[in-house]
Structures are given as structure tokens and as C-alpha cells.
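Report on the structure given below.
The values are calculated or read from the model by the stated rules, or taken from the named source; none is laboratory data. What you see is a predicted model; the values in this text were computed from it and never measured. Cβ coordinates were reconstructed from backbone atoms using ideal geometry, including for glycine residues, and neighbour counts include every protein chain displayed. Accessible surface areas use protein heavy atoms only, side chains included; no ligands, DNA or RNA. Shrake-Rupley method; radii C 1.70, N 1.55, O 1.52, S 1.80 Å.
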Amino acid sequence: MSAALRPRAIPVTKKEIFGWAMFDFANSSYTTVVITIAYGKFFVSHIVPAGSLARDTYWSVAIILSTVLNLILSPVAGAVIDYSGRKKAALIASCLICSVATASLAFVGPGDVWPAIGLIVLSNAAFMLSESFCASFLPELSTPATMGKISGIGWGIGYFGGLLSAFIALKLIITGNPADTAVYVAQNQRAMVAVGIFFLTAALPTFILVKNRSAPAPGFEHAGAVRLVKAGFGEFKNSFAIAARHKILFQFLFAFMVYMAGLDAIVKFVGIFAEQEVKLTNSELVYLFLVLQVSAAAGALGFGWLESRIGPKKTVMLTLGWWILGVLGIYFMDPIGHALGVLPKYVFYALGIFAGAGIGATQASSRTVVGLLAPPDRTAQMFGFWAVFSRFGTILGASFGFVADGFHSRRAAVLLVLVFFIVGALMLSRVDVERGIREAHPS
């Protein structure tokens, strides 16, 4: 495509950076409450009919379909935005779609499996798009020296958004006994409305304070939707040519996909592992969640500060080393506990604090690398590819379950996670980020 105009020179203020970071705060409500800790459990126990043999499978279908939809839409939507210059409008639209679809879950009751799946697919795909749209603003709001710090601030604040929304949902709304079906269903439905409102309301500072600096590509100043979508699909078809022109960025994205598989496996399966292997009670699982959220927020902020001093690649490598140590500790937590004279679950808690600090840091620093390697006229499209590789990492990380079942050992699956981190680190070590920055931003 013809090169789009460079972002307009509008000064960046601290208020605007705050507004951008608030979107991470806002959208954490969706992934925390709907995907991770509340609606998934409710869906399996109350939406799927009792006695169904496909309870977990239905939830997996919803997650897989939304991920595939995002895989298709992300690069196309990114290219359309780069052509049209309407980055902020796309961010607002994706937030609205996710919020409304989430709130609409209030109209879904027991037995309404496919309407619920449809709304989850729509809301989760919109959430994932909003995540990449928000990330594409990062290069415009920062310099190479400040990008890591600002990215870390956003990710760190995001975990506090997850904590607040989870507290509202689980402590103030969903208070009934799951056995009391009518009350429990009504409370979960109200919680989905609350999450939709929380997401949209908390994102208002982003909509108000963040400026749209992107401009349409030459010749597309007054292009209609049909022409823009055709151009976007044309760019999608040219993905291999785009990868050839940005080899270093795509080298990084492949490494990112592999180590994100390890990270995603931890996020998706830590609850199962903690309950089945460590034998944590429900209340202990809540405390574990709080520990992980707080340590992840601290890690994102702390490593963001460190990144401004040692650079994003070294920071990601450091976090991967951090994860390797943490995963090894989890694998050997029984002998460690025996040597220290404490129960393994206390070792697990300590490792949760240690390893959890790497969750936000790894993702925030990786987002910084993409921002540095993305050409200024293609930020939305490149962050669309970032989202695509992240979703492939999600699918790859799901192999944890197959390995655990195949070997009848979740400890064996922990070793798979270790392999993901080691291989990802080796791949990243071969990426010449400095050269990629020079190629993406020629003087």
C-alpha cells in the first residue's frame, strides 16, 4: 500500500498517558471476571444443561471460536485502520461491542448454550481487538527511551482494574449459594451488566484524553467502508510479503509466540494445578489470585522502570530467566518444601509471588519491542500481527492439557512449559532488535 502519513505532531501530555493506561485498567475487568474467574465457571455449572457430557467442551468451543475470529480479523482490521487513519474510532467501537455483548449475557439463562457462546465469541473477539488497538497507540505516546516505562505503567494499572472489578463482582454481586439456582443465576446476570458498565465507564478517560494522531493513507482520505475492507484483505493476502519486508519484527513475533505459549499455559491452568496438585481450598485459591494480581502489577511497573535502563530485549530475556527459575521451583516444590521443613503449598505461594511478577513484565516488555520495531505508518497493522501471534501462542499453550492427560501427570506438563520458555529465550537471543529499530525508523 502507499505509505500512510506519519502521525501528526501533537504534543503528548501526562494526562494523555494516564488516559491510555486507563484502557488497560478498564479492559482487565472483562478478561478477569468473564473469562478467568466468574462466568466460565457459571457457564459450565448453570448455562449448560445438567447431565451434559460436553460441559467443558462448550466453553472450549467459545474460547476457540473467538480466538479464530480474532486471528482472521486482527491483521485485516489493523490494515484498514492504517489506511483510514481512524485508530481511535476503532478502539471505541471494539470497546462498545465488548461492553454491550458482555452486558447482554444478562439475557442468557440456563439451557441457552449457543446464545451464550455467541455472545462470548463476540465479546472476547472484540476484547482481543481492543487490546491490539490500544497497544498501537504506544509508539505515538512515547519515545524509544520511555516506551518500556509507559507500557509497564499501563500493564501494572491493568491488574488493579482486574482486582477492583473482581471484588465488585465476587464480593458485592455474586453472593448467593450456587445451589440456589434462581438467585445465583440472577446475580451472575447482574454481574455481567456490571462488568459491561465498568469496562465502558473506566475507558472514558481513554476516549476523552487520548488523541488520534494517525492520518489516512494518500488516496484514502475519503474512502468508504467497502474500499477500506478490500484494501485490508489485500494486505492480509500479502502477509508473507509484509513478513519478508520486516524480517526482524517477525523473527521476534515467532519467539514471542513460543514463550507466550508457556505464559498462557500458566495463566489458563494455574487454578487447576493449584486445586488438583497443591490441594488448595477455594479460599486459598482466592488468596492465590490476589497474590498473582498484586505481584504481576508490581512486576510490570518494576520491570518497566528497569527496561528504560537496560532496553526491552534484555528485559524480556531477564523475565524469561525469571520464569525458568519459577517453573523449575514449581516442578521441585515437594523436595524444596521437605528441605525447608514447610508444606509444599507454602512453597507454591512463595513461587506465585516470585514468578507472578513476570506475568505483566513479560507482556509489557514484549509490547514495547513490537512498538519499537513497527514502522510509524503501520503501527495498527503490526500490532494486529502481534495479536495474531499471541493467539497462536494461546493455542500452543493449550497443549498443556493434552500432555497432562497423555502422561497422566501435570508435572510432565510443567516441563513442557519450561521447554516453551527455554526455546522462546533461545529464539529471542537471535533477534537483532537494534538493527530492526534502525530499519523501522530510518533517519
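Scanning region 420-433 for residues that are farther than 14 Å from Thr315 by Cβ and loosely packed, with under 15 Cβ neighbours inside 10 Å yields Leu426, Arg430, Asp432. The residues of region 14-54 that are in a loop (DSSP other than H, G, I, E, B) and among the hydroxyl-bearing types (Ser, Thr, Tyr) amount to a single one, Ser52. On the given criteria, is Ser214 in contact with a Pro (Cβ under 7 Å, 6 or more places away or on another chain) and modelled with pLDDT under 70? Judged against the criteria, Ser214 is not a match. Regarding region 351-365, can at least one residue be identified that is in contact (Cβ under 8 Å) with a residue 60 or more places away in the chain, more than 23 Å from Ala297 (Cβ to Cβ), open to solvent by 10 Å² or more (accessible area, probe 1.4 Å) and within 20 Å of the chain's Cα centre (by Cα)? Looking for residues that are in contact (Cβ under 8 Å) with a residue 60 or more places away in the chain, more than 23 Å from Ala297 (Cβ to Cβ), open to solvent by 10 Å² or more (accessible area, probe 1.4 Å) and within 20 Å of the chain's Cα centre (by Cα), one finds none in region 351-365, hence no. Only residues that are over 22 Å from Ala274 (Cβ atoms), open to solvent by less than 70 Å² (accessible area, probe 1.4 Å) and of a type in the set (A, V, I, L, M, F, W, C) were counted in region 312-339, giving 3.
Restricting attention to region 20-43 and to residues that are more than 17 Å from Ser132 (Cα to Cα) and modelled with pLDDT of 80 or more, the residue that is surrounded by the fewest Cβ atoms within 10 Å (Cβ to Cβ) turns out to be Gly40.
Here is a check on your reading of the model: is Ala145 over 15 Å from Ala202 (Cα atoms), modelled with pLDDT of 85 or more and out of contact with any strand residue (DSSP E or B) (no Cβ under 7 Å at 6 or more places or on another chain)? Taking the combined requirement at face value, the residue does not satisfy it.
Restricted to region 366-388, and to residues there that are among the β-branched types (Val, Ile, Thr) and under 13 Å from Phe256 (Cα atoms), the residue that is surrounded by the fewest Cβ atoms within 10 Å (Cβ to Cβ) is Val388. Mind listing whichever residues of region 286-343 are of a type in the set (Ser, Thr, Tyr) and closer than 20 Å to Val370 by Cβ? If the condition is that a residue be of a type in the set (Ser, Thr, Tyr) and closer than 20 Å to Val370 by Cβ, then Ser308, Thr315, Thr319 are the ones that fit.
This table checks each residue for (1) of a type in the set (Asp, Glu); (2) touching a residue at least 60 places away in the same chain (Cβ under 8 Å); (3) over 24 Å from Thr368 (Cβ atoms).
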residue	(1), (2), (3)
Gly152	no, yes, no
Phe160	no, yes, no
Ala166	no, yes, yes
Leu172	no, no, yes
Asp180	yes, no, yes
Gly196	no, yes, yes
Ala202	no, yes, no
Arg213	no, yes, no
Pro218	no, yes, yes
